[in-house]
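Accompanying notes for the structure given below.
The values are calculated or read from the model by the stated rules, or taken from the named source; none is laboratory data. Please read these numbers as outputs of a predicted model, since none were measured by experiment. All Cβ positions, glycine included, derive from the backbone under ideal geometry; neighbour counts span all protein chains shown.
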Amino acid sequence: MSEKTFPLGRAELEKIAERYPTPFHIYDEKGIVENVRRIKAAFSIFPGYKEHFAVKALPNPYILKILAAEGFGADCSSYAELLLAEMAGMKGEDVMFTSNETPADEYRAAKKMGAVINLDDISHIEFFEKSAGLPELVSLRYNPGPLKEGNVIIGKPEEAKYGLTREQIIRGFGLLREKGVRRFALHTMVASNELSVSYHIETARMLFELAAEIQNKTGVRLELVNLGGGVGIPYRPTDAAVDYGVLAAGIQKVYDAIIKPAGLDPLGIRTEWGRVITGPYGWLVTRAIHKKEIYRNYIGLDSCMADLMRPALYGAYHHITVPGKENEAADETYDVVGSLCENNDKFAVQRWLPKIRTAADGGPGDFVVIHDTGAHGRAMGFNYNGKLRCGELLLRQDGSVAQIRRPETTEDYFATLDLAGLKDF
Ligand SMILES: *Cc1c(COP(=O)(O)O)cnc(C)c1O
């Protein structure tokens, strides 16, 4: 069970909304920092452990700077993400570049930054060599295909476009060594939003066994193993969060059983978690502006799926609370919807909630807070239907609020059009 909390009361929210009108995502710096420190404490059993935050989850340089100050690096997969990591002061091997179908100029940029290059295909060894010249350290991404059984894998590895097969991994490291690469890393990413600790421990076991096999078959001694991302968060109050201590201890057990006898100790352990780092510490704050009673009862928010795609895209559950009504009975059933012209623009379907007051009832309408939007939230947004994405606020550790991204305007929406040419067109 996980208690679904929100760090602000209704009165505080009213004050914030005077300055920054809804909708907005607000992130809790204290929550993020405490979470990061729990991870560091659990994984300190691995000397040289580093987490490379998956920038795509929350691509805001202010957030990245908070993480950098805690010693975290970044996992980037595009040129823009490399620039974000750079803005936050992340440098060299603190940055992992895990991309796929990568253009040559992005490989060149990643190499120039000194990032750890993680290649997605065996053909990329020569592609990279031709584009940028191979660096001293190269990582290869492993796709276990049918070998990785799992419980709740989102997308079977066998059907995933990523990574090298087992046979290609062996061949790939041999090839890299022939080409003069001196330092080697192994990576995989096989799950998404996976709450099972044993699943992640089994992923580590799979990589450790492969590390030993690589050494036996090619003589290549790996320096780093990156366990990837995919650690889940308790979106539902009935879910239990992953216990970092249990996870780290479980990984240590398979490390001791496989890596030590293989003579591969010390092996650097890396992760590139996104969701679990910031997800639970973000909320989309909206207001109820309309109520509609037809075949179902609807609450219309001043936001839409442009600000949070997950419910529409995956049918994902996001918890919803109404500040000031936490203790009221949830005796109304609503579809909580946004304003986009797509019927799947629903933050919640047939959800039991307390009776919600809307702007149509007079006054500004209740705040409706959508939980766990700190990862893959604002980041996934889009402008379809002329929808402008909301801004981002940061609740600082001292209780103050800073705007770390302003809301979009129509000028932003039109910025890529050459309107000067329109008049004489
Ligand atoms: C998305 C992604 C991550 C982060 O995944 P989370 O589920 O947010 O932890 C890490 N690595 C790669 C390669 C990814 O594509």
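Kindly check whether there is at least one residue in region 51-67 that is part of a loop (DSSP other than H, G, I, E, B), more than 30 Å from PRO364 (Cα to Cα) and outside the structural domain of ILE320 (by TED's automatic domain parsing). Before you say what the answer is, go through the steps one by one.
Residues of region 51-67 part of a loop (DSSP other than H, G, I, E, B): 58-60.
Cutting the leftovers down to more than 30 Å from PRO364 (Cα to Cα) gives us 59.
With outside the structural domain of ILE320 (by TED's automatic domain parsing) added as a condition, the list becomes 59.
Checked against the condition, which is being part of a loop (DSSP other than H, G, I, E, B), more than 30 Å from PRO364 (Cα to Cα) and outside the structural domain of ILE320 (by TED's automatic domain parsing), region 51-67 yields at least one hit.
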- All positions within region 216-252 that are within 21 Å of GLN168 (Cβ to Cβ) and surrounded by 17 or more Cβ atoms within 10 Å (Cβ to Cβ): THR218, VAL220, LEU222, GLU223, LEU224, VAL225, ASN226, LEU227, GLY228
- Is there any pair with a first residue in region 11-22 that is under 13 Å from PRO364 (Cα atoms) and in the same structural domain as THR286 (by TED's automatic domain parsing) and a second that is modelled with pLDDT of 95 or more and surrounded by 14 or more Cβ atoms within 10 Å (Cβ to Cβ) whose Cβ atoms are under 8 Å apart and which are 6 or more apart or on different chains, and what are they? none
- Note on the structure: Selection from region 306-334 of residues buried (at least 17 other Cβ atoms within 10 Å of the Cβ) and either among the charged types (D, E, K, R) or without any contact (Cβ under 8 Å) to a residue 60 or more places away in the chain (or both) yields ASP307, ARG310, PRO311, ALA312, ILE320, VAL322, LYS325, TYR334
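Sort through ALA316, ALA306 and tell me the only one that's within 16 Å of the ligand (Cβ to nearest atom), modelled with pLDDT of 95 or more and not assigned by TED's automatic domain parsing to the domain that holds ILE63.
Details: ALA306 fails: within 16 Å of the ligand (Cβ to nearest atom).
Every option except ALA316 fails the conditions.
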- Task: Name the residue, out of SER99, SER131, that is among the polar types (S, T, N, Q) and either surrounded by 20 or more Cβ atoms within 10 Å (Cβ to Cβ) or under 23 Å from MET380 (Cα atoms) (or both).
- Result: SER99
- Query: So which of GLU213, GLU106 is surrounded by 18 or more Cβ atoms within 10 Å (Cβ to Cβ), over 20 Å from the mean Cα position of the chain (by Cα) and not in a strand (DSSP E or B)?
  - Reply: GLU106
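When you check GLY365 against the structure, is it closer than 22 Å to TYR317 by Cβ and among the small types (Gly, Ala, Ser), yes or no? Quick ask: steps written out before the conclusion?
On the way: closer than 22 Å to TYR317 by Cβ: no; among the small types (Gly, Ala, Ser): yes.
For GLY365, the condition - closer than 22 Å to TYR317 by Cβ and among the small types (Gly, Ala, Ser) - is not met.
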- Item | Tabulated pairs, region 174-188, first touching a residue at least 24 places away in the same chain (Cβ under 8 Å), second among the aromatic types (Phe, Trp, Tyr) and assigned to a loop (DSSP other than H, G, I, E, B), C-beta under 9 angstrom, 6+ apart or interchain | THR188/TYR162
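Consider region 252-280. How many of its residues are in a helix (DSSP H, G or I) and within 16 Å of the ligand (Cβ to nearest atom)? First the steps, then the outcome.
Going through region 252-280, the residues in a helix (DSSP H, G or I) turn out to be 252-259, 275-280.
Narrowing further to those that are within 16 Å of the ligand (Cβ to nearest atom): 275-280.
Matching residues across region 252-280 total 6.
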- Looking at region 1-37, which of its residues are over 20 Å from ALA74 (Cβ atoms) and charged (D, E, K, R)? GLU3, LYS4, ARG10, GLU12, GLU14, LYS15, GLU18, ARG19, ASP28, LYS30, GLU34
- Message: Please go through (1) assigned to a loop (DSSP other than H, G, I, E, B); (2) at pLDDT 95 or above; (3) surrounded by 15 or more Cβ atoms within 10 Å (Cβ to Cβ) for ALA204 and return the number of the only condition it doesn't satisfy.
- Response: (1)
- Single residue of region 160-192 satisfying the filter (assigned to a loop (DSSP other than H, G, I, E, B) and modelled with pLDDT of 95 or more) that is nearest to TYR314 (Cα to Cα): GLY163
- Item | Flag for SER192 being more than 16 Å from the ligand (Cβ to nearest atom) and either of a type in the set (Gly, Ala, Ser) or touching a His at 6+ places or on another chain (Cβ under 7 Å) (or both) | no
- Name, by its number, the condition in (1) surrounded by fewer than 20 Cβ atoms within 10 Å (Cβ to Cβ); (2) more than 26 Å from LYS260 (Cα to Cα); (3) modelled with pLDDT under 95 that does not hold for PRO157. (1)
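Test VAL33 against the stated conditions and say whether it is at pLDDT 95 or above and assigned to a helix (DSSP H, G or I). Break it down into steps so the answer makes sense when it comes.
On the way: at pLDDT 95 or above: yes; assigned to a helix (DSSP H, G or I): yes.
Criteria met by VAL33.
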- Query: In region 111-118, is there at least one residue being surrounded by fewer than 21 Cβ atoms within 10 Å (Cβ to Cβ), touching a residue at least 60 places away in the same chain (Cβ under 8 Å) and not in a helix (DSSP H, G or I)?
  - Reply: no
- Scan region 104-141 for residues that are aromatic (Phe, Trp, Tyr) and more than 18 Å from GLU178 (Cβ to Cβ) and jot them down. TYR107
